[in-house]
Structures are given as structure tokens and as C-alpha cells.
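Notes follow once the structure below has been shown.
The values are calculated or read from the model by the stated rules, or taken from the named source; none is laboratory data. Keep in mind it's a predicted model, so treat the numbers as computed, not measured. All Cβ positions, glycine included, derive from the backbone under ideal geometry; neighbour counts span all protein chains shown.
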Amino acid sequence: MNLVRIRIAISFFIFTLFVLLFCGPENLSSFLAATLLPFQFVPAFIRILNHPTVVFIIGFCAIILITLIFGRVYCSFICPLGTLQDIFIALSEKLGWRKKPSFRKPLNALRYSLLGVVVITASLGFISLLNLLDPYSITGRLMTQFALPFFLWIYNAAIGLMKNFNIYFFSKDTVHFFFSVLLVNAGLFILIAILALRYGRLYCNSICPVGTLLGLISRVSLFKFTVDKSGCLECFNCEAVCKADCIDMKNAVIDHSRCVDCFNCVGTCPQSVVKYSRLSTNAQNSAWSPARRGFVIGSVAAAGAALYTFNAPLRHLLPEAQASSPPPVTPPGAGNLARFTKSCSACHLCVSACPTKVIAPSFLAYGIGGFLQPMMDYPASYCEYECTICSQVCPTGALSPLSAEEKKTTQIGKVDLLKDKCVVYVNHTNCGACVEVCPTKTITFIDKGNILYPVVDDRYCVGCGACTKACPTAPKSIVVKANSVHRKALKHDIDEGPVRPRIAVPEKFPF
């Protein structure tokens, strides 16, 4: 059985599913989100703390159990960023860019320090550093910022070509670019690509907090790779194919905390002295003592999780970052701003799944504590009144799932009519664009001398932004202002009937 080919086939299949998750149609994205994301470490962990469900608990426990039994197979088989790095590694080997792999000492000070800082800041409610380094979140942002625009460019080009043959069945899609966010993700992508091309899985073993934590767990896994020094020919083939540079053949030692279980070493050994098998407790590597280092790191991680879970008052020790003014509108299902920024992994799955593209990645709109987290981008687009896709695909529970009926009365913000900019109030001429598109009858007319002036009753507003999108003035004369805590809007057909006193709503617009 060729374990390397099996690993490549499984990892590439899962990576393809992640491409479809972020770049595929909405229905497929919803299905794949429910299938794949419970088995991603950070989203599953945050979801359990924030809004636990059985499937996410099972997924998270499965990751821990698999690591305890088989080692870091998660990093080679399931992690999409790991597969992306493997693609770069394979490319570098084909082109001769990567120097010949050999054993490299672990950067313990760097990886354990980063893990400690991530755990401490996350326990205090600031998950920006975790979001920046988490492999799933990085993959999501790369897919959204690079892969999705690429596929949309091909799609739009194909539609343009079809129009030459008088085929108008399809319409072009809009590609949005956010350059500050794009620069951050491009820099991170270049860093990971360079590390993979030159040094293999160095990112996984020196920077990634998930890799470091799973590496600690894998030190006590039941199955490990071992070297039988007595039968070794000292050909160093195993070192030459090790993506993690963790095999020290001079001393016949494998650093299991960095081994990602790629099985390359087993397949290349001519004498089969490198084996993957179950080890007894006495056969464990005694050069490292869990009681001295792993126990301390594990205790810090456990303490951080407990602090986060029970909302410990230590969070006041880290001052809240000041967001820009006015604050951005959080997507439906966020509940409130504080909860959202402490739960969102900034994977941008809601950004890629949003059919109207109103959800956009932010840069520092929420402050440093909400770095790269998504926001509602008015007036670029609007939120579809009956759409709930963003809350359905969110893996962490930062956006709680909403039914269509709940969405229709969830007030994420309120509209504000700026009469000093509105063309009706300034030029005393009819417009009515905002009234025409309002799905909740928040905006209606009052007739003054055959001029229909728009008026707002924000009790009915859900903050969809359709009016802002439709408004013809520049700058917009009707804007959505955020609710830091989402509220429940009134509904005409339930609460007060279709028409309120003093406001005359004409059957047709006079233009």
C-alpha cells in the first residue's frame, strides 16, 4: 500500500472541496460548510466556546483523538493550508528551487512564544493574532481575495464571449477589491510561499499555533515513525524527502512534534528501517519530558481556554482598541459588536458566499481587535431581504444562524435621511428611489404640494441598505448607521398595518 499516494489523493480532494466552498455556488457552499468546517481546528474550537453544536464537538474531539493516536495527520491530510504548502514544495522540487532537505533544529523559542501569546490574547478576548495565523482563516482569505476574483474573471470573460454569439442567458458578476486587505493577505501569501518553496513546512512548525499545539499532543501519540539504526545504510534518503526537516539520521532521532505524517520517509527507505508503528511507553523519546515543557504549555493552553469560556474579568487588562467612527454595521446574526469581534475568525467565508457582495472584509474598521473581520459595505451593495446564507455558513457562530423570518425583523442598523443632501428636500423635485426599493416600508412619502417628500420611521428598518444603494445623490443622502447591539424591528403586517397615519403613499410614482 502506497501511503504517500493515499495521502496526496485525500489531501488534494479535501483541498478541492475548500476551493468549491469559497468559490462555488451558494447551495454547494452551504453543504460544504456543514461538512468540512467541523473538522477545522480553530473554527471548531471557537464554535464550541461560542455556540456549541453536536457536530462541531464531534469534529473537534475527532481531531484531538486522531492526533493522540496517529500524530499530526491533520496537518497533512485535512488542513487546506498544509496542502497548499505541499503544492509549493512539489513545485520547488520540480524546478530545483529548494535546497536539499536535511535535519534542522527546531525554533522552539519562536513557536512556543507565539503559541503562548496567541493563547493569552485569545483568552482576553482579542483573537486578531489567532485569526492572522490560523491556517483555515488564511486559506479562506486567500481563496476570497485571489482565487475567487480569478474564477470570476474567467466567468465574466466567458459571458462576454457568449454575447458575440447572441447568448444572453447569463449575466456578469462583480469583482470587488479591497486594497489594504489585499496587501495584508498578499504579504502573508508571499511569506508562506517563500517558506514552503525554500524550507518546506517551516511555517507549520515554527509559526502556526495549530501546528505547534498539535505537535505537543503528537509527542505522546500511540503511533510514531522510528528508525532502526542497526539496519540503516546511512543513505540519508529519508532526510532528503522530509518536508519538516525533522529527521536526524546521525542520531537516529525523529522530532515527532514537527513530523506532519507525510509518509515520504517510509516510501523512500531502501532497507525499510524507517517504520510507522505503535510504540510502547518505554520506547518514547526520553530526550524530551512532557512534565518539563509540554505540561507547562498545555496548562497555559487549558487555562486560556477556561478563561475564554468563563469570560474571565482579566480581559480588562488588555485595553480595547478604538474603532473608526462611525462604527461599521455587523452582518446579520452577529448579535452585538463585542460578541462578533471576539468570535469571528476572519475566514471571509461570509464574504465569498454573500450573493449581493454587501459583506466585505474590513481592515481596521473595528480597530485592531477586529482586524480583517467582515462588515456591511454600504453603499457598494445591499443585503437581500430574505437571504440568510452568511449566518448559515459561518463556522464559528460569530453569526448565529437565522431563519428567513428572523432575518426579516433583525435590525442590524437604522437608516438616517440626510435632508441637506436629499434631492427632494434640496431641489424640491420628486425622486422616490429609496421608497421604491424599501422592503419594509420604513421609508414612505408625505405629499406637500404635489412634491412627495420621503420620511423615515426607523422602527421598521432592518438596515438592509437597499435605499442607500438606490439613492442617486453623491454623497448618499440616506445612509445606514450601525446598531452596536442588534434589535428587533417592527413589521407592518403584524404590528400596525400597511399604512401609518399622516403619510400618504401613492399607488404610482409620478415619473
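Just for the stretch 363-385: of the residues that are in contact with a helix residue (DSSP H, G or I) (Cβ under 7 Å, 6 or more places away or on another chain) and within 19 Å of Ser484 (Cβ to Cβ), which one is surrounded by the most Cβ atoms within 10 Å (Cβ to Cβ)?
Our first condition is that a residue be in contact with a helix residue (DSSP H, G or I) (Cβ under 7 Å, 6 or more places away or on another chain); within the stretch 363-385, this holds for 363, 366, 368-374, 378-379, 381-382, 385.
Of the ones still in play, those that are also within 19 Å of Ser484 (Cβ to Cβ) are 366, 368-371, 373-374, 378.
Numbers: Tyr366: 25, Ile368: 13, Gly369: 22, Gly370: 29, Phe371: 22, Gln373: 28, Pro374: 32, Tyr378: 26.
Per the stated criteria, the residue is Pro374.
Going by what's in this entry, would Lys163 be described as surrounded by fewer than 14 Cβ atoms within 10 Å (Cβ to Cβ), free of Cβ contacts under 8 Å to residues at least 12 places away in the same chain and either touching a helix residue (DSSP H, G or I) at 6+ places or on another chain (Cβ under 7 Å) or charged (D, E, K, R) (or both)? Walk me through it before giving the result.
Values: surrounded by fewer than 14 Cβ atoms within 10 Å (Cβ to Cβ): yes; free of Cβ contacts under 8 Å to residues at least 12 places away in the same chain: yes; either touching a helix residue (DSSP H, G or I) at 6+ places or on another chain (Cβ under 7 Å) or charged (D, E, K, R) (or both): yes.
Criteria met by Lys163.
Among (1) on the phi > 0 side of the Ramachandran plot; (2) outside the structural domain of Pro439 (by TED's automatic domain parsing), there is one condition His428 misses while meeting the rest; what is its number?
Every condition holds for His428 apart from (2).
For the stretch 259-277, state whether one or more residues are over 23 Å from Arg98 (Cα atoms) and surrounded by 22 or more Cβ atoms within 10 Å (Cβ to Cβ).
The answer is yes; a qualifying residue exists.
Do we have Gly96 as more than 30 Å from Phe13 (Cα to Cα) and not hydroxyl-bearing (Ser, Thr, Tyr) here?
Details: more than 30 Å from Phe13 (Cα to Cα): no; not hydroxyl-bearing (Ser, Thr, Tyr): yes.
No; evaluated as a whole, the condition is false for this residue.
Tell me the residue from Lys407, Lys414, Lys441 that is touching a residue at least 24 places away in the same chain (Cβ under 8 Å), in contact with an Asp or Glu (Cβ under 6 Å, 6 or more places away or on another chain) and surrounded by 15 or more Cβ atoms within 10 Å (Cβ to Cβ), please. Write out each step before concluding.
Working: Lys407 fails: in contact with an Asp or Glu (Cβ under 6 Å, 6 or more places away or on another chain); Lys441 fails: in contact with an Asp or Glu (Cβ under 6 Å, 6 or more places away or on another chain).
None of the other options fit; the residue is Lys414.
Working carefully through the options Leu124, Leu130, Leu114, Leu95, find the one that is more than 25 Å from Gly370 (Cα to Cα), of a type outside the set (Val, Ile, Thr) and assigned by TED's automatic domain parsing to the domain that holds Ala196. Before the answer, list the steps.
On the way: Leu124 fails: more than 25 Å from Gly370 (Cα to Cα); Leu130 fails: more than 25 Å from Gly370 (Cα to Cα); Leu114 fails: more than 25 Å from Gly370 (Cα to Cα).
When all the criteria are applied, what remains is Leu95.
Could you identify the single residue in Phe177, Phe189, Phe150 that is touching a helix residue (DSSP H, G or I) at 6+ places or on another chain (Cβ under 8 Å) and either assigned to a helix (DSSP H, G or I) or outside the structural domain of Cys259 (by TED's automatic domain parsing) (or both)? Lay out the reasoning, then the answer.
On the way: Phe177 fails: either assigned to a helix (DSSP H, G or I) or outside the structural domain of Cys259 (by TED's automatic domain parsing) (or both); Phe150 fails: touching a helix residue (DSSP H, G or I) at 6+ places or on another chain (Cβ under 8 Å).
Unique residue meeting the criteria: Phe189.
Looking at Val210, Val260 in this structure, which one is part of a loop (DSSP other than H, G, I, E, B) and in contact with a helix residue (DSSP H, G or I) (Cβ under 9 Å, 6 or more places away or on another chain)? Explain how you work it out, then say what you get.
Values: Val210 fails: part of a loop (DSSP other than H, G, I, E, B).
Only one candidate passes the filter, namely Val260.
Return only the number of the condition from (1) in contact with a helix residue (DSSP H, G or I) (Cβ under 6 Å, 6 or more places away or on another chain); (2) part of a loop (DSSP other than H, G, I, E, B) that Cys350 does not satisfy.
In the conditions (1) in contact with a helix residue (DSSP H, G or I) (Cβ under 6 Å, 6 or more places away or on another chain); (2) part of a loop (DSSP other than H, G, I, E, B), Cys350 misses (2) alone.
Tally up the residues in the stretch 61-83 that are surrounded by fewer than 22 Cβ atoms within 10 Å (Cβ to Cβ) and touching a Pro at 6+ places or on another chain (Cβ under 9 Å), please.
Matching residues across the stretch 61-83 total 1.
Residues of the stretch 1-35 being polar (S, T, N, Q) and loosely packed, with under 15 Cβ neighbours inside 10 Å, which ones? Walk me through how you get there before you give the answer.
Step one: list which residues in the stretch 1-35 are polar (S, T, N, Q), which gives 2, 11, 16, 27, 29-30, 35.
Those that are polar (S, T, N, Q) and loosely packed, with under 15 Cβ neighbours inside 10 Å: Asn2, Thr16, Asn27, Thr35.
Out of the stretch 17-52, which residues are among the polar types (S, T, N, Q) and within 14 Å of Cys79 (Cβ to Cβ)? Give the derivation first.
First, pick out the residues of the stretch 17-52 that are among the polar types (S, T, N, Q): 27, 29-30, 35, 40, 50.
Matches in the stretch 17-52: Gln40 only.
May I ask you to list the residues in the stretch 390-408 that are on the phi < 0 side of the Ramachandran plot and in contact with a Lys or Arg (Cβ under 8 Å, 6 or more places away or on another chain)? Steps first, answer last, please.
Start the filter on the stretch 390-408 by keeping residues that are on the phi < 0 side of the Ramachandran plot, which leaves 390-396, 398-408.
Across the stretch 390-408, the qualifying residues are Ser391, Pro395, Thr396, Ala398, Lys408.
For the stretch 250-271, enumerate the residues that are touching a Gly at 6+ places or on another chain (Cβ under 8 Å) and either within 13 Å of Cys238 (Cβ to Cβ) or at pLDDT below 85 (or both).
Cys259, Gln271
For the stretch 447-468, indicate whether the set of residues that are in contact with a Ser or Thr (Cβ under 6 Å, 6 or more places away or on another chain), of a type outside the set (Val, Ile, Thr) and under 30 Å from Phe60 (Cβ atoms) is non-empty.
no
From (1) in contact (Cβ under 8 Å) with a residue 40 or more places away in the chain; (2) in a helix (DSSP H, G or I), pick out the condition that doesn't hold for Lys250.
Answer for Lys250: the failing condition is (2).
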